[in-house]
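The values are calculated or read from the model by the stated rules, or taken from the named source; none is laboratory data. What you are looking at is a predicted structure, and each value in this text was computed from that prediction instead of being measured. For neighbour counting, all protein chains shown are included, and Cβ atoms are generated from backbone atoms with ideal geometry for every residue, glycine included. Surface areas here come from the heavy atoms of the whole protein model, side chains and all, with no ligands, DNA or RNA. Shrake-Rupley method; radii C 1.70, N 1.55, O 1.52, S 1.80 Å.
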Amino acid sequence: MNDTTPSTTSGFRDRFDREPAGLWFGPGRVNLIGEHTDYNDGFVFPFAINRRAVVALALRDDRMLRVASSFTEEIVEISLDDLSPETVSGWSAYPLGVAWALGQKGADLSAVTGFDIFIDSDVPIGAGLSSSAAIECATAVALDEVWNLGFDKQVLVRVGQLAENEVVGAPTGILDQSASLLGETDSAVFLDCRSFESEVIPLGFDDAGLELLVIDTKVSHAHATGGYASRRASCETGARLMGVSSLRDLTVDDLPRAATTLDDETFRRVRHILTENQRVLDTVRVLREEGPGAIGALLDASHASMRDDFEISVAELDLAVDTARAAGALGARMTGGGFGGSAIALTPHALIPAVQQAVSAAFAAAGFTAPDMFVVRAAAGAARES
């Protein structure tokens, strides 16, 4: 049982003075490799983690939606009849956006009642572990059940993305929601973002004596702000100038033509996407053929590409990656949308304390805020808790 479960139940009781109908959870995610490729119709390889959002929910006998959380004393209230991207904002946009998006994907919102929902989470906010998708997916599986919608998880992935795009205002792809909904224990989700086909691939970290260490730099980021959107715009420009509908239509073999067609900055953005797609395919292949101990160089190359070509790293992320590698990690990279957040380091179990100590010392020497470090495990996707 998740540590947040008892507090989620008591939080619901305290705010709404009644019992919830149930508890549902949505995990955060780590993207092992494949960054910014999702909205380019490319390949990604994330997994759900054992950090998650838990929601307690009960239906009402009227049309009101009431949203509360452990993050604030505020209770947000709105009628289902008034629900739209223009009428919600702030933290409540994540669960309320899901309710709206379910209607856009076929749910008859005129035939359902309102609800009370209380949200708790141990997914760090702003760490690049998709605390937002965790809330969206927990809410989606809860409402799918209590509203008797019968949507499959692939539809709920699109619901979460629509909420993120149209209500929250972040131009993200389907990576986060796919990991949160489709994840399985000790496995990652190999996802084709063009066809939406997915395959669960065993990671084998446990058998290989490996851990994935998350290094939260405490440099907060926000996808709805400029850097993420400008990178997406650069990718769209590159595709248009290369005469394709999406960068997915190009491969690394097209890079020489791209170099003569595009300005330097756009070329480097495109080069990251094309090489990152290839790195995802290579990572899946190497896992199958050689095991997880052999993927370190691909993680390192991914970070270098994000640092130099896509320019979404920051000094704290670079220091975390370089220090972890020097202290014994097999490979390391920033993960998530960039401009802050977390790095991940694939590390032999016995070396975790040494890596943590080295990173802490390096951050202190640089005058950076002390990072938060913890091991994550690949976990099951969003579902009913109780």
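Pairs only if they're at least six apart or on different chains, beta carbon under 6 angstrom, first in the stretch 76-91 and free of Cβ contacts under 8 Å to residues at least 24 places away in the same chain, second part of a loop (DSSP other than H, G, I, E, B) and surrounded by 12 or more Cβ atoms within 10 Å (Cβ to Cβ); list them, first residue then second.
81/63
Specify the residue that is farthest from residue 381 (Cα to Cα); the eligible residues are those in the stretch 161-185 that are at pLDDT 95 or above and of a type in the set (D, E, K, R).
Going through the qualifying residues, I end up with 166.
Determine the pairs where a residue that is on the phi < 0 side of the Ramachandran plot and of a type in the set (Phe, Trp, Tyr), located within the stretch 303-329, has a partner that is open to solvent by less than 40 Å² (accessible area, probe 1.4 Å) and part of a helix (DSSP H, G or I) with Cβ atoms under 7 Å apart, the partner being 6 or more residues away or on another chain.
310/231; 310/269; 310/272
State the number of residues belonging to the stretch 145-167 that are open to solvent by 20 Å² or more (accessible area, probe 1.4 Å) and closer than 13 Å to residue 181 by Cβ.
Counting residues in the stretch 145-167 that are open to solvent by 20 Å² or more (accessible area, probe 1.4 Å) and closer than 13 Å to residue 181 by Cβ gives 7.
Filter the strands (runs of 3 or more DSSP E) completely within the stretch 1-104 down to those with at least 3 residues that are open to solvent by 10 Å² or more (accessible area, probe 1.4 Å) and more than 30 Å from residue 191 (Cα to Cα). Give the steps one after another, and end with the answer.
Details: elements: 22-33, 43-59, 64-69, 72-79.
Answer list for the stretch 1-104: 72-79.
I want to confirm something. Restricting to the stretch 119-140 and keeping residues that are of a type in the set (Ser, Thr, Tyr) and either over 11 Å from the mean Cα position of the chain (by Cα) or part of a helix (DSSP H, G or I) (or both), which single residue is modelled with the highest pLDDT?
If we filter the stretch 119-140 for residues that are of a type in the set (Ser, Thr, Tyr), which is where we start, we get 121, 130-132, 139.
The next check asks that each one be either over 11 Å from the mean Cα position of the chain (by Cα) or part of a helix (DSSP H, G or I) (or both); those that pass are 121, 131-132, 139.
Working: 121: 95, 131: 90, 132: 92, 139: 98.
Looking at the filtered set, the residue picked out is 139.
Return the residue satisfying two criteria in turn: it lies in the stretch 105-134 and is closer than 19 Å to residue 151 by Cα and of a type in the set (Val, Ile, Thr), and of such residues it is surrounded by the most Cβ atoms within 10 Å (Cβ to Cβ).
112
Please count how many residues of the stretch 45-73 are within 15 Å of residue 135 (Cα to Cα) and among the hydrophobic types (A, V, I, L, M, F, W, C).
Here the count works out to 10.
For residues that are under 22 Å from residue 382 (Cβ atoms), in contact with a helix residue (DSSP H, G or I) (Cβ under 7 Å, 6 or more places away or on another chain) and open to solvent by 30 Å² or more (accessible area, probe 1.4 Å), tally how many sit in the stretch 186-199.
The qualifying residues number 3.
Only one of these is buried (at least 22 other Cβ atoms within 10 Å of the Cβ), small (Gly, Ala, Ser) and more than 22 Å from the chain's Cα centre (by Cα): 350, 329, 362. Name it. Quick ask: steps written out before the conclusion?
Numbers: 350 fails: buried (at least 22 other Cβ atoms within 10 Å of the Cβ); 362 fails: buried (at least 22 other Cβ atoms within 10 Å of the Cβ).
Of 350, 329, 362, the one residue that is buried (at least 22 other Cβ atoms within 10 Å of the Cβ), small (Gly, Ala, Ser) and more than 22 Å from the chain's Cα centre (by Cα) is 329.
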